[in-house]
1. Consider only pairs whose beta carbons are under 6 Å apart and that are at least six residues apart or on different chains; among these, list those whose first residue lies in the stretch 1-21 and is touching a residue at least 60 places away in the same chain (Cβ under 8 Å) and whose second residue is part of a strand (DSSP E or B).
2. List the residue pairs whose Cβ atoms are under 8 Å apart, where the first residue sits in the stretch 51-70 and is at positive phi and in contact (Cβ under 8 Å) with a residue 24 or more places away in the chain, the second is part of a strand (DSSP E or B) and surrounded by 11 or more Cβ atoms within 10 Å (Cβ to Cβ), and the two are 6 or more positions apart or on different chains.
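Laboratory data are not the source of any read-out in this text; all were calculated from the coordinates shown. Because the structure is predicted, anything quoted here is derived from the model rather than measured. All Cβ positions, glycine included, derive from the backbone under ideal geometry; neighbour counts span all protein chains shown.
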C-alpha cells in the first residue's frame, strides 16, 4: 500500500503555543486519516523560529492508505 505524508503547522506569532488547541487539530487529522482507512506509521514534530518572530511547530504525519487523504 502507498505511503503518504500530511503536514500540520502552528505558529505562535511571538507568544506561546496553545497545547489544547494544537492537540485538538492533530487528533482531528489523525482521526480523519484512520476513519478513511489510513494506518498511521509515525508522527514527527519539528520546532523552529525565534521568540520575537514567532516559533513554528510542524508535525509530519506519515500514513499508509490506498490513496492520499486530504
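1. Pairs found: 1/64; 3/64; 4/63; 6/61.
2. If the second residue must be part of a strand (DSSP E or B) and surrounded by 11 or more Cβ atoms within 10 Å (Cβ to Cβ), the pairs left are 54/11.
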